[in-house]
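Bear in mind that the values in this text are calculations on the coordinates, not laboratory data. Keep in mind that what you see is a predicted model, and the values were worked out from it rather than measured. Heads up, the Cβs are rebuilt from the backbone with ideal geometry, glycines too, and the neighbour counts pull from every protein chain shown.
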Amino acid sequence: MWPWLAGWAIGVALQWQQPQLWPVAAYGVVLCVALVAAWAWRVAPAAAVGGRVWQPGLALLCAALLGFATTGWRALPLQADVLAPQWEERPLWLRGVVADLPQSHPDGQMLVVRVDSADLDGRPVELPKRVRLFWPAAPDTLKAGQVWRWPVRLRAPHGLANPHGFDRELWLWEQGIGATGVVRSGRQVPAPEWVGDSARHPIDRWRGELTSAVVQRVTDARAAGVIAALLVGNQSAIARDDWQVYRDTGVAHLMAISGLHITLFAWLATRLVGLVWRRLAPVWPGLLLRWPTPVAAALGGLLLATAYALLAGWGVPAQRTVFMLATVVVLRWHGLDWPWPLVWLWCLALVLAADPWAGLQPGFWLSFVAVMLLFVSNPQGQQTASAGQALRSMLREQSVMTLALAPLTLLLFGQVSVVGLLANLLAIPWVTLLVTPLVLLGVLAAPVWDVAAWALTVMSAVLQPMAQWPLAVWHAPAPPWPVAVMGVCGAVLAVVRVPLPWRCLGALLAWPALAFVPARPAAGAFDVWAPDVGQGSAILVRTAHHSLLFDAGARYRSGGDVGERVLVPWLRRLGERLDVLVISHRDSDHAGGADSVLRAQPQAGWLASYVPTHATRGFAPTGPALCETGQRWVWDGVTFEVKHPDPADHLRVGAPANALSCVLRISNGRQVAWLTGDVGHDQEVRLAARHPGERADVLVVPHHGSRSSSSPVWLNELMPTWALIQAGHLNRFGHPAPEVVARYEARGAQWRASPSCGEMRWSSAQPDQLHCHRDAARRYWHWRAPAQRPDRHTMPERGDDAMPAAD
């Protein structure tokens, strides 16, 4: 069984690496080869010399081929069930049933819809089976199972594409969602129509009813959100600030329905079923003879735990726990005793069989590695005889988890909670033994939820100060995955029960992952990196020992900003410490994330075309905080020069913010890059006149490719080799304008846009190359630009910035 289970997992993991799916016939060929290998494994080894050696290898190959082929086959229908380009942004009518628990946002609600039918001006339209809608004016009575008819605009799944960032396209793929969109509203748009209730999705309807009951009962909204998360897995109900505290203290795993919670529930359910079963003995004596109490109690506890996991949303930790409990029950039922590695591998294979893409979630690896650590650190399942021994055992297990998971946590999240050991020692028993039982008992007696809310308030009062401790969280650059894997293996070796020399070897293996420092440009060279920030702008410039961020992305209408959700994590994963933050002008799509970046990088200087509302700090290389023509400084052999605005421009009353945009020229004497903000034609003509014969290797296209910028005069002077366009996917402004793109193409410039390229990286050391993250990290579930996009129709009433960033 070992090679079959391991081979299956390997085959599934290999299929994840495909940039694009093969035709169905190709997977059929792989499956046929796997069947032939299975036949050879079955009949040949008995008479073959050395069969014991190659038989496991043949089983491993056969299982790997089976896992690869079946996963590819399952992926093909999902890829086909994606919105066709001709229906993007069209004013459609959609009829369907709410198929999941609606998620509340400040501006409305997010809901998953199972599509029944759709039409455009009365003509039927073929849509994906499941779509995700944002409903700005959703009624409070919206529940799973309701059938509605909505006026909508849809688009194919698309998300920001940055290294180590959230892969929204994968997240939508795993849920089988083939389109996202918004419910249209306005004077000319009819209101959505409620059709009726459906018997479909009863579990999700019950989850919604329990969430509503919690909200109505518990007056503390923040505590109510955590109770809803622990009860039905509704993690969207937890306040953003609370999530940050839980992440910084390393207890976020307790704030969702984890394996620990389900195991506790299964234990309580087993005891309850056993008690009831014994009570039935006088009434039905033959029942105990046919189904002994231990067997009935175990099966009953397993079924109730499975129901609880389904109520919780059937996440990866819930699946893993249920499969492990089921394996233990079956083994005991048949009197078998498997070694723990086989049980662990069996459950891992079952999770991948149920959801082949579950292994692409961080929680999958944290969950299974954590369980493996528990087995390895206590292989005989030693029991504790006293409270002191139990405390020492818990302290050891938590220490093992904290230390051994540090490299993996760095790889997945770019941070490790230093206070996590202490916080978990306090929070695990408090949440597991007090809060969770109270939350479950509240289903039978709602007043108990008030006690659970009090317990959560007490826990928050302890965790919040801990999250503010100096060095409570250690942020480190994300190591390459081979270094991280070596670090995880080394950390495990360092904490398990092995001789001291082996532990020292493990510590040496883990050190490169913990001490990893990314490479920087050589002296006299510089990099220009443009992260994917949607409809907005942010450019990172790196020299040998300095870093500058030009603009900080947009602020979302629904709350939060690009600085907090994209740039700060991105900079931390790169190990960047900013010297200067330059904000070209005060428009929200350029300055929206500035405060978040400054909070995370307080040492950075400030340079902008305006004076911010917060306290302005001086900027050493240029002196004043306002950017003005003539400011100049040199870092590591690279010259930075401000080329616009002039000092007199700041005195003009009523000058547009775009016209005051800071323009920065960067040069090492050989290559030149221009960062331009949102300057328009007039400013470009002035710059062209001041810099005759200037050439640019890299030009960040002004104003995202708007018609008001990129004038022919300006382009004729610069003749850029690379033109980088930062704009939102299908943004409401139509950026970049087709005529602007045509101007760049006519002058031989190679242009790239963030919706199709993702993060863009250029280096003066290799000026003829541009790295696109989408091309380098492409997988078959990622968005692809259509070969020929249909004409753009009337754009939605609400643009990308109206969509909640959590989506």
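Taking a ≥ b ≥ c as the square roots of the eigenvalues of the Cα gyration tensor, segment 511-566 is oblate, since a/c reaches 1.5 or more and a/b is not larger than b/c. Gyration tensor analysis over the Cα atoms of segment 2-80 returns equivalent ellipsoid semi-axes of 27, 12, 8 Å (largest first, whole Å).
Sorting S661, S537 from the fewest to the most surrounding beta carbons within 10 angstrom yields S661, S537.
Potential lengthening of the chain between L268 and Q766 amounts to 173.0 nm, from the contour at 0.36 nm per residue minus the alpha-carbon distance.
Could I have the simple spin-label model distance between R695 and W243, label points 7 Å from Cα toward Cβ, reported in nm to one decimal? The modelled label-to-label distance comes out at 4.9 nm. Diffusion coefficient (Stokes-Einstein, Kirkwood radius over C-alpha pairs, 4 °C, 1.567 mPa s) for segment 178-289: 70 µm²/s, rounded to a whole number. Per the Kirkwood formula applied to alpha carbons, segment 173-238 shows a radius of gyration over Rh ratio, Rg over Rh, of 1.08. Packing, taken as the mean count of other beta carbons within 10 Å per residue, orders the peptides 640-648, 2-10 from highest to lowest as 2-10, 640-648. Taking each residue as 0.36 nm, the span from W314 to D355 lengthens on full extension beyond its C-alpha to C-alpha distance by 13.7 nm. Here segment 499-540 is scanned for amide nitrogen atoms under 11 Å from the site 7 Å beyond the Cα of A777 along Cα-to-Cβ, giving 532. With the simple spin-label model, which puts each label point 7 Å out from Cα in the Cβ direction, the S393 to L425 separation comes to 1.8 nm. In terms of packing, defined here as the mean over residues of other Cβ atoms within 10 angstrom, the peptides 291-300, 309-318, 332-341 line up highest first as 309-318, 291-300, 332-341.
The alpha carbons of segment 727-779 stretch over 32, 30, 16 Å along the principal axes, in descending order.
Think of the chain as a dipole: +1 on every Lys or Arg Cβ, -1 on every Asp or Glu Cβ, centred on the Cα centre; then among Y610, A353, F550, A353 lies furthest on the positive end. Cβ crowding within 10 Å ranks T676, T327 as T327, T676, fewest other Cβ atoms first. Other residues lying with their Cβ under 14 Å from the Cβ of P479 contribute a combined charge of +2, Lys and Arg counting +1, Asp and Glu -1.
Ordering 584-596, 437-449, 743-755 by mean Cβ neighbour count within 10 Å, with the highest value first, yields 584-596, 743-755, 437-449.
With R₀ fixed at 22 Å, the C-beta to C-beta distance from H681 to A648 puts the FRET efficiency at about 0.70.
Over the chain, dividing the summed -39,500 (n - 2.57) contributions of all DSSP H runs of at least 4 residues by the number of residues returns a 222 nm mean residue ellipticity of -13500 deg cm²/dmol.
Can you compute log10 of I(q)/I(0) for segment 497-600 with the Debye formula, treating each Cα as one identical point scatterer, at q = 0.16 Å⁻¹? The Debye formula, applied to the Cα set alone, gives -0.70. For segment 85-200, the Cα gyration tensor yields ellipsoid semi-axes of 22, 17, 14 Å (square root of five times each eigenvalue, largest first, whole Å).
Is the shape of segment 527-777 best called rounded, prolate or oblate, per the rule: a/c under 1.5 gives rounded, else a/b larger than b/c gives prolate, else oblate, with a ≥ b ≥ c the square roots of the Cα gyration tensor eigenvalues? Rounded. Roughly speaking, what % of Cα-Cα pairs in the chain are separated by over 46 Å, rounded to a whole number? Result for the distance tail: 31 percent. For segment 259-373, the Cβ-based charge dipole about the Cα centre amounts to some 400 debye (Lys, Arg positive; Asp, Glu negative; other atoms uncharged).
With a Förster radius of 60 Å applied to the beta-carbon distance between Q175 and A655, the computed FRET efficiency rounds to 0.80. Placing unit charges on each Cβ (+1 for Lys and Arg, -1 for Asp and Glu) gives the chain a dipole about its Cα centre, and among A237, C32, L412 the Cα reaching farthest toward its positive end belongs to C32. Using alpha carbons only, the radius of gyration of segment 1-145 set against its Kirkwood radius gives Rg/Rh = 1.22.
In this label model, Q188 and Q86 are separated by 2.4 nm, measuring between points 7 Å along each Cα→Cβ vector.
Dipole of segment 85-200 computed with +1 at Lys/Arg Cβ and -1 at Asp/Glu Cβ about the Cα centre; of W150, L111, A99, farthest Cα towards the positive end is W150.
Roughly how many whole Å is it from the C-alpha centroid of segment 397-429 to that of segment 556-595? A separation of 28 Å, based on Cα centres. In plain terms, the chain from S708 to W511 could stretch by 65.7 nm, reckoned as 0.36 nm per residue minus the Cα-Cα distance.
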